[in-house]
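Below: one structure, written as structure tokens.
The values are calculated or read from the model by the stated rules, or taken from the named source; none is laboratory data. Since this is a predicted model, take the numbers as computed values, not measurements. So basically every Cβ, Gly included, is an ideal-geometry build from the backbone, and we count neighbours across all protein chains shown.
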Amino acid sequence: MADTEEPDRALQRSLSALDLTVFGVGVIIGTGIFVLTGTVARDQAGPATALAFLAAGVVCALAALCYAEFASTVPVAGSAYTFSYASLGELPAWLIGWDLMLEFALGTAVVAVGWSGYVRSLLDNAGWHLPDALAGPEAADGVGFDLLAFLLVLALTGILVLGVKLSARVTALVVAVKVTVVLLVIVAGAFLVQAGNYDPFIPPARGSLSGSGVHAPLIQLIAGYRPTTFGVQGVFTAAAVVFFAFIGFDIVATAAEETRRPQRDVPRGILGSLLVCTALYVAVSLVVTGMRHYTELTVDAPLADAFKATGHPGFAGLISFGAAVGLTSVCMILLLGQTRVLFAMSRDGLLPRVFSKVHPHYATPYRSTVLLGAVTAVVSGFTTVSQLAELVNIGTLFAFVVVAAGVVVLRRTRPDLHRTFRAPWVPVLPAASVAASLWLMLNLPAQTWLRFAAWMAAGLVVYGLYGRTHSRMSPTTRL
């Protein structure tokens with residue numbers, strides 16, 4: 001905490017609880033609310049998708065309570081990285097920081113590509129068409145570049161450099177538009193619901209949902225357990241999928257050092273944004289499965305197509321607009337979280353210290369922001385949306401496990417620390433958070449685990465070659 005007062009490396013405290021809640025809502029609500037809802041309903045849970053969202057929300061709430069305690073105790077930039085450093089030590093902190101770098105970088109690139117697709121669709125409807133070579137790798141016959149995704153990340157990088165308060169104002173505007181669209185869809189769809197579409201609310205189980213080899217869930221390879229589609233078991237299988245829609249609330253904790261009253265406001269921002277988004281997800285899932293029978297929902301745009309099928313095609317354009325606007329805030333806040341993790345790791349010496357210098361006027365970590373923004377912009381230009389989301393998911397769950405364990409450790413090693421917010425039922429609640437997160441991780445394909453292991457192995461090499469010897473905790477560095 002003393003590091004936050006270091007000259008030239010101190011961030012400006014300007015955010016409120018409302019700003020943090022807006023950040024949380026801004027990053028959580030994305031295409032998941034418009035796309036994932038119908039896909040899971042058709043293939044795995046039926047109308048009980050609402051229960052799947054509720055179950056995933058409970059898993060996130062367990063982790064959120066642990067994050068809230070840490071953020072109120074150690075209000076320093078870096079989120080799970082900083083929490084791990086304070087409780088478990090340098091090497092676990094490095095692994096978490098390395099993990100978060102992957103999570104936020106891939107998440108930003110994937111979201112930027114998704115935003116580009118929605119904007120291209122809106123431009124096509126207006127009669128404006130980008131050349132295939134500039135519409136991304138999937139649209140081009142040879143080498144393609146997604147110009148819109150590239151420009152979006154660059155523009156958001158510029159906003160982040162100019163100050164976190166400006167970022168909060170832009171996010172507030174975007175979130176206001178996005179939530180308004182979602183509420184309009186919920187209210188309008190409620191008048192088109194047919195009660196017969198909810199029968200049965202939990203469809204009977206229909207068999208297993210599994211792959212083979214590295215494409216099979218890890219738990220299937222270890223214990224022979226085969227997740228099922230539909231039925232009560234299918235609801236929990238669906239919860240592992242819709243968990244993607246909740247990723248991002250932990251980013252609120254990365255802004256703890258830039259909050260005016262972090263001990264009070266960060267827990268409110270984390271828990272408030274999670275509560276709002278869970279309520280919206282449940283409402284949207286109930287509307288879409290009530291408007292159209294779950295067996296008739298489409299994969300690509302289920303909510304938009306449900307309005308078309310009921311004779312209201314105008315809402316399809318509104319949904320596309322809401323998704324495009326919404327993804328702007330998701331992309332910016334993911335990029336914000338990434339830059340703050342790099343800033344914290346740099347300030348600790350695990351990465352070059354030059355990246356923890358703040359701008360003399362804007363008081364932002366401009367060097368790390370420009371570096372990561374440029375790299376992510378290039379990656380998003382050449383990225384296709386495929387299995388990258390699973391890597392983002394496993395990275396987030398891994399951070400949840402470490403943070404929950406860290407709460408228990410810090411309670412034992414530093415009981416003297418002042419905790420404005422205390423997670424209830426410790427150690428039972430952190431243990432439940434670890435168990436729930438591990439269960440969702442085990443339901444991910446073995447291939448995702450192999451890729452994650454490869455990334456962490458690369459992180460250990462970087463730590464051994466640079467971080468361990470340059471760390472401010474290293475005896476040679478102290479001398």
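For the range 94-124, enumerate the residues that are surrounded by 24 or more Cβ atoms within 10 Å (Cβ to Cβ), small (Gly, Ala, Ser) and more than 16 Å from Asp250 (Cα to Cα).
Across the range 94-124, the qualifying residues are Ala109, Ala112, Ser116.
Being out of contact with any His (no Cβ under 6 Å at 6 or more places or on another chain), loosely packed, with under 15 Cβ neighbours inside 10 Å, over 30 Å from Ala457 (Cβ atoms) and of a type in the set (Gly, Ala, Ser) narrows it down to one residue among Ala195, Ala172, Ala168, Ala188; which is it?
One residue alone meets the criteria, Ala195.
So which residues in the range 281-298 are β-branched (Val, Ile, Thr) and either within 21 Å of the chain's Cα centre (by Cα) or not in a helix (DSSP H, G or I) (or both)?
Val282, Val284, Thr298
Given the criterion surrounded by fewer than 24 Cβ atoms within 10 Å (Cβ to Cβ), more than 20 Å from the chain's Cα centre (by Cα) and of a type in the set (S, T, N, Q), identify the matching residue among Ser14, Ser87.
That would be Ser14, the only listed residue that is surrounded by fewer than 24 Cβ atoms within 10 Å (Cβ to Cβ), more than 20 Å from the chain's Cα centre (by Cα) and of a type in the set (S, T, N, Q).
Which residues, taken from the range 214-233, are more than 21 Å from Arg42 (Cβ to Cβ) and at pLDDT below 75?
Gly224, Tyr225 - these are the residues of the range 214-233 that are more than 21 Å from Arg42 (Cβ to Cβ) and at pLDDT below 75.
Those residues that are more than 23 Å from the chain's Cα centre (by Cα), of a type outside the set (Asp, Glu) and assigned to a helix (DSSP H, G or I), I need them from the range 299-348; list them, please.
The answer is Ala304, Ala306, Phe307, Lys308, Ala309, Gly314, Phe315, Ala316, Gly317, Leu318, Arg347.
Name the single residue that is modelled with the lowest pLDDT among those in the range 245-280 being of a type in the set (D, E, K, R), over 19 Å from Ala172 (Cα atoms) and in a helix (DSSP H, G or I).
Glu257
Given the criterion under 25 Å from the mean Cα position of the chain (by Cα), crowded, with 17+ Cβ neighbours inside 10 Å and among the hydrophobic types (A, V, I, L, M, F, W, C), identify the matching residue among Phe230, Phe246.
Phe246
Quick one: what pairs do we get from the range 428-445, first residue touching a residue at least 24 places away in the same chain (Cβ under 8 Å) and surrounded by fewer than 21 Cβ atoms within 10 Å (Cβ to Cβ), second outside any helix (DSSP H, G or I) and among the small types (Gly, Ala, Ser), C-beta under 6 Å, 6+ apart or different chains?
Leu429/Ala423
When both residues are 6+ apart or on different chains and their Cβ atoms are under 6 Å apart, which pairs have a first residue that lies in the range 6-21 and is on the phi < 0 side of the Ramachandran plot, and a second that is surrounded by fewer than 17 Cβ atoms within 10 Å (Cβ to Cβ) and assigned to a loop (DSSP other than H, G, I, E, B)?
Pairs found: Arg13/Arg260.
Just name the residue that is nearest to the chain's Cα centre (by Cα) out of those in the range 114-128 that are aromatic (Phe, Trp, Tyr) and closer than 19 Å to Ser329 by Cα.
The residue in question is Trp115.
Checking the structure you have, find out if any residue of the range 338-349 is surrounded by fewer than 20 Cβ atoms within 10 Å (Cβ to Cβ) and of a type in the set (Lys, Arg).
Within the range 338-349, not a single residue is surrounded by fewer than 20 Cβ atoms within 10 Å (Cβ to Cβ) and of a type in the set (Lys, Arg).
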